[in-house]
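What follows is one structure encoded as structure tokens, with my remarks underneath.
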Amino acid sequence: MRREPAGDVVRAKEMDETVSEFFRRTILKIPLTEMMTILKTWNFLSENQLQTVNFRQRKESLVQDLVLLCEENRASLNDAALLDIIYTQFHRHQKVWDVFQMSKGPGEDTDLFDMEQFKSSFKKILKRALKNVTVSFRDAEENAVWIRIAWGTQYRKPNQYKPAYVVYYSQTPYAFTSSSQLKSNLPLLGQTFETHNSTTPLQERSLGLDINMDSRIIHENKTEKERVQRVTQEIFGDYPQPRLEFAQYKLETKFKSDLNGGILAEREEPLRCLVKFSSPHLLEALKSLAPAGIADAPLSPLLTCIPNKGMNYFKIRDK
Amino acid sequence: MSVLRPLDKLPGLNTATILLVGTEDALLQQLAEAMLKEDCTSELKVHLAKSLPLPSNVNRPRIDLIVFVVNLHSKHSLRNVEESLHHVDATFFLGKVSFLATGAGQESHCSIHRNTVMKLAHTYRSPLLFCDLEIEDFRATMAQRLVRMLQICAGHVPSVSALNLLSLLQSSENPSLEDL
């Protein structure tokens with residue numbers, strides 16, 4: 001630590017300019033409609049402090065006031081990083097996520113997972129590998145942890161504006177990553193995870209069949225309902241589906257007919273057809289088709305293969 | 001192949017049983033609950049089935065009224081009803097079967113024309129009721145009607161039989177199909 005000359009003692013106590021700017025830019029990103037919710041979730045500024053702010057003023061002035069409050073509270077880079085995580089959690093759908101599945105090496109033991117230990121050694125490993133890196137954590141639902149990593153280089157401080165995010169569900173072998181930069185740092189992340197494989201199996205979820213409270217209502221096709229639930233669960237799993245908004249199928253086929261002749265039978269040009277499905281949450285909608293009685297189970301593999309194939313544009317041609 | 005017959009069992013004491021047949025379980029469930037909310041001197045039982053034939057190894061009471069529910073938004077639901085109709089004995093169609101079409105209120109979502117269900121009901125000489133089951137108030141009103149019809153079909157209303165009811169309903173609700 002270098003010694004501050006006496007005259008600079010006061011300035012040394014103020015927030016670093018870069019941190020202050022980071023706060024300003026992060027708060028500026030937040031839409032006004034979400035401002036209160038996000039600030040409350042962050043829980044860094046007290047109720048009293050928030051009440052002193054006029055939320056109806058122009059955004060730039062509002063942001064200035066909020067940054068001043070952060071400075072008053074001696075907010076650190078870590079607090080800013082936490083705010084950034086919260087913003088990203090609210091806007092997770094705006095990011096592109098990759099998912100990684102970790103596999104257990106042969107002969108590895110089943111260890112009990114300790115979240116705090118994971119966080120501390122994750123941070124240690126990254127800091128050992130890269131001198132300049134900012135690592136922040138925020139716990140989330142279902143044993144998940146959000147990790148924010150701002151990368152720097154040997155000689156440059158971390159770039160806070162292009163962080164990478166990793167969401168790790170500790171009870172599963174899955175981790176989701178999203179990066180605003182080149183993916184060159186991913187192998188490092190992979191290595192960091194190596195010591196922390198989760199080997200506890202997914203929690204068993206029981207089939208949530210509707211138990212009819214009124215005994216005067218009898219479901220005749222209970223076995224069929226159970227079969228549909230089972231098939232749907234086998235195909236789609238228990239957890240929420242990835243969010244997808246549309247799927248498109250292009251069909252090109254020559255006309256086929258049992259009857260001899262007919263105008264279309266001799267047509268050389270194939271027939272073309274385009275079907276587009278769109279929905280605020282397409283895969284959840286598909287999942288609910290069979291249980292709702294709108295379609296038979298199992299659904300066409302053309303629909304159910306979307307997550308496996310990672311495609312939502314299909315061209316169907318004659319063999 | 002098991003076929004439903006109206007009089008193959010003895011009736012239960014003061015019991016009236018309705019069978020709702022339709023692909024959309026949630027709608028049937030809601031309609032059933034609405035019916036059971038009604039004040040009724042008879043003991044009501046509601047059986048819900050996706051399609052016919054019903055599972056054969058089950059002990060069930062005599063069915064007094066069958067209502068086939070068609071969702072006008074879904075060709076699948078119509079096809080399902082058409083196939084299920086083959087498993088109902090002809091004698092059921094003497095006032096103990098009714099059709100219910102839902103979804104007419106959202107014209108843009110309808111993939112089945114009204115006339116299609118009207119023709120179907122006419123073919124089977126049975127009344128056709130329209131009701132948007134998703135709307136609670138309409139559903140409650142329909143539930144009241146169905147309870148009343150059920151009581152008649154079960155013989156719980158003196159001097160009115162299912163056949164009487166049928167001829168009453170047919171004259172006012174099913175216009176001659178030559179006009180269609």
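The values are calculated or read from the model by the stated rules, or taken from the named source; none is laboratory data. No experiment lies behind these values; they were computed from the predicted model shown. Every residue, glycine among them, receives a Cβ derived from its backbone with ideal geometry; neighbour counts consider all protein chains shown.
Take the residues in segment A:54-99 that are free of Cβ contacts under 8 Å to residues at least 12 places away in the same chain and polar (S, T, N, Q), then tell me which one is farthest from A:Phe23 (Cα to Cα).
If we take residues in segment A:54-99 being free of Cβ contacts under 8 Å to residues at least 12 places away in the same chain and polar (S, T, N, Q), then A:Gln94 is farthest from A:Phe23 (Cα to Cα).
Going by the conditions given, is B:Ala34 at the interface with chain A (Cβ under 8 Å from one of its Cβ atoms) and either hydrophobic (A, V, I, L, M, F, W, C) or touching an Asp or Glu at 6+ places or on another chain (Cβ under 6 Å) (or both)?
Values: at the interface with chain A (Cβ under 8 Å from one of its Cβ atoms): no; either hydrophobic (A, V, I, L, M, F, W, C) or touching an Asp or Glu at 6+ places or on another chain (Cβ under 6 Å) (or both): yes.
Taking the combined requirement at face value, the residue does not satisfy it.
Quick check on this structure: which one of B:Pro11, B:Pro61 is within 14 Å of another protein chain (Cβ to nearest Cβ) and farther than 21 Å from B:Arg125 by Cβ?
Values: B:Pro11 fails: within 14 Å of another protein chain (Cβ to nearest Cβ).
Every option except B:Pro61 fails the conditions.
Checking the condition within 14 Å of another protein chain (Cβ to nearest Cβ) and surrounded by 15 or more Cβ atoms within 10 Å (Cβ to Cβ), which residue from A:Ala285, A:Ala295, A:Ala247 passes?
Numbers: A:Ala285 fails: within 14 Å of another protein chain (Cβ to nearest Cβ); A:Ala247 fails: within 14 Å of another protein chain (Cβ to nearest Cβ).
Criteria check complete, one pass: A:Ala295.
Determine whether A:Arg148 is assigned to a strand (DSSP E or B), in contact (Cβ under 8 Å) with a residue 24 or more places away in the chain and not acidic (Asp, Glu).
Working: assigned to a strand (DSSP E or B): yes; in contact (Cβ under 8 Å) with a residue 24 or more places away in the chain: yes; not acidic (Asp, Glu): yes.
So A:Arg148 passes the test.
Does B:Leu165 meet the test of being of a type in the set (A, V, I, L, M, F, W, C), closer than 25 Å to B:Lys50 by Cα and modelled with pLDDT under 95?
No; evaluated as a whole, the condition is false for this residue.
Please work out if A:Phe314 is away from every other protein chain (no Cβ under 14 Å) and more than 30 Å from B:His47 (Cβ to Cβ). Can you show your working first?
Values: away from every other protein chain (no Cβ under 14 Å): yes; more than 30 Å from B:His47 (Cβ to Cβ): yes.
Yes.
Would you confirm, using the coordinates I've provided, whether A:Ile211 is modelled with pLDDT of 85 or more and out of contact with any Gly (no Cβ under 6 Å at 6 or more places or on another chain)?
On the way: modelled with pLDDT of 85 or more: no; out of contact with any Gly (no Cβ under 6 Å at 6 or more places or on another chain): yes.
So A:Ile211 does not fit the description; no.
In a helix (DSSP H, G or I) and crowded, with 22+ Cβ neighbours inside 10 Å: which single residue out of B:Met118, B:Met149 fits that description?
Working: B:Met118 fails: crowded, with 22+ Cβ neighbours inside 10 Å.
One residue alone meets the criteria, B:Met149.
Being in a helix (DSSP H, G or I), polar (S, T, N, Q) and out of contact with any Gly (no Cβ under 6 Å at 6 or more places or on another chain) narrows it down to one of B:Ser167, B:Ser126, so name that one.
The conditions single out B:Ser167.
For segment B:20-37, which positions are out of contact with any strand residue (DSSP E or B) (no Cβ under 8 Å at 6 or more places or on another chain) and not basic (Lys, Arg)?
Filtering segment B:20-37 down to residues out of contact with any strand residue (DSSP E or B) (no Cβ under 8 Å at 6 or more places or on another chain) leaves B:26, B:30, B:34, B:37.
Within segment B:20-37, B:Ala26, B:Gln30, B:Ala34 qualify.
Do any strands (runs of 3 or more DSSP E) lying entirely in segment B:1-109 carry at least 1 residues that are more than 22 Å from A:His219 (Cβ to Cβ), and which ones are they? Spell out the reasoning first.
Values: elements: B:15-21, B:43-49, B:65-71, B:97-102.
In segment B:1-109, B:97-102 are the strands (runs of 3 or more DSSP E) which contain 1 or more residues that are more than 22 Å from A:His219 (Cβ to Cβ).
Mind checking which residues of segment A:48-106 are surrounded by 11 or more Cβ atoms within 10 Å (Cβ to Cβ), among the charged types (D, E, K, R) and assigned to a helix (DSSP H, G or I)?
Within segment A:48-106, A:Lys59, A:Asp65, A:Glu71, A:Glu72, A:Asp79, A:Asp84, A:Arg92 qualify.
Please name all residue pairs, on different chains or six or more residues apart, with Cβ atoms under 8 Å, provided the first residue is in segment A:112-125 and is within 12 Å of A:Ile147 (Cβ to Cβ) and the second residue is of a type in the set (D, E, K, R).
Hits for this filter: A:Met115/A:Asp139.
Has segment A:270-278 got at least one residue that is within 14 Å of another protein chain (Cβ to nearest Cβ), within 30 Å of A:Glu226 (Cα to Cα), surrounded by 15 or more Cβ atoms within 10 Å (Cβ to Cβ) and not hydroxyl-bearing (Ser, Thr, Tyr)?
We begin by selecting, within segment A:270-278, every residue within 14 Å of another protein chain (Cβ to nearest Cβ); these are none.
Looking through segment A:270-278, none of the residues is within 14 Å of another protein chain (Cβ to nearest Cβ), within 30 Å of A:Glu226 (Cα to Cα), surrounded by 15 or more Cβ atoms within 10 Å (Cβ to Cβ) and not hydroxyl-bearing (Ser, Thr, Tyr).
Quick check on B:Ile135: is it loosely packed, with under 14 Cβ neighbours inside 10 Å, among the β-branched types (Val, Ile, Thr) and more than 17 Å from the chain's Cα centre (by Cα)? Show your work before the answer.
Values: loosely packed, with under 14 Cβ neighbours inside 10 Å: yes; among the β-branched types (Val, Ile, Thr): yes; more than 17 Å from the chain's Cα centre (by Cα): yes.
So B:Ile135 passes the test.
Here is a yes/no grid of residues against (1) more than 13 Å from the chain's Cα centre (by Cα); (2) more than 24 Å from B:Glu134 (Cα to Cα):
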position: B:Ala34; (1), (2): yes, no
position: B:Glu43; (1), (2): yes, yes
position: B:Asn57; (1), (2): yes, yes
position: B:Pro61; (1), (2): yes, yes
position: B:Phe68; (1), (2): no, no
